[in-house]
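Below: the structure, in structure tokens.
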Amino acid sequence: MLRGLTILLICQFIGEILARGLELPIPGPVLGMLLLLAGLAFRGRKGRSQPPADVKTAAEGLLSHLGLLFVPAGVGVVTELDVLGENWLAVTAALLGSTIAGLLVTGFVMQRLARPEE
């Protein structure tokens, strides 16, 4: 598992270096995730369809504790309840709008990808 965590952290570190060094508007961890995806895709083209066992174990370990990563965000929301109360209409409109947009985009993509071969 230590090897898998090391691989994940190296990908994140390289992504962070690229994001800051090139002054990209994309967060470093997102670039690191894209690098990991590219590495796994390249590995798949070499005939190895499964990710390395260490990376899979580390990822499953992190995903099993994913709920803990939302605790700071929840605390931040609770500490800013007065600001949410002042801007409840804008927050509600943003939540509803983004939910509807997400559903529409997901539906469109699924229809395009699930279309039977002609």
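The values are calculated or read from the model by the stated rules, or taken from the named source; none is laboratory data. Only a predicted model underlies this, so the values are computations on that prediction, with no experimental measurement involved. Neighbour counts are summed over all protein chains in view; Cβ atoms, including those assigned to glycine, are modelled from backbone coordinates with ideal geometry.
Pairs needed: first member in segment 12-24, outside any helix (DSSP H, G or I); second member anywhere, of a type outside the set (D, E, K, R) and modelled with pLDDT of 90 or more; C-beta distance under 9 Å; at least 6 residues apart or different chains.
Leu24/Leu18; Leu24/Leu31
Restricting to segment 4-25, and then to whatever is surrounded by 13 or more Cβ atoms within 10 Å (Cβ to Cβ) and not aliphatic (A, V, I, L, M), can you tell me which residue is nearest to Gly61 (Cα to Cα)?
Gly4
Scan segment 95-117 and tell me whether some residue there is loosely packed, with under 10 Cβ neighbours inside 10 Å, outside any helix (DSSP H, G or I) and under 18 Å from the mean Cα position of the chain (by Cα).
No, because not a single residue in segment 95-117 is loosely packed, with under 10 Cβ neighbours inside 10 Å, outside any helix (DSSP H, G or I) and under 18 Å from the mean Cα position of the chain (by Cα).
When residues of segment 42-58 are filtered for being over 17 Å from the mean Cα position of the chain (by Cα) and either part of a helix (DSSP H, G or I) or modelled with pLDDT of 85 or more (or both), how many remain?
7
Looking only at segment 64-94, count how many residues are modelled with pLDDT of 90 or more, hydroxyl-bearing (Ser, Thr, Tyr) and either in contact with a strand residue (DSSP E or B) (Cβ under 8 Å, 6 or more places away or on another chain) or exposed (fewer than 10 other Cβ atoms within 10 Å of the Cβ) (or both).
Number of matching residues: 1.
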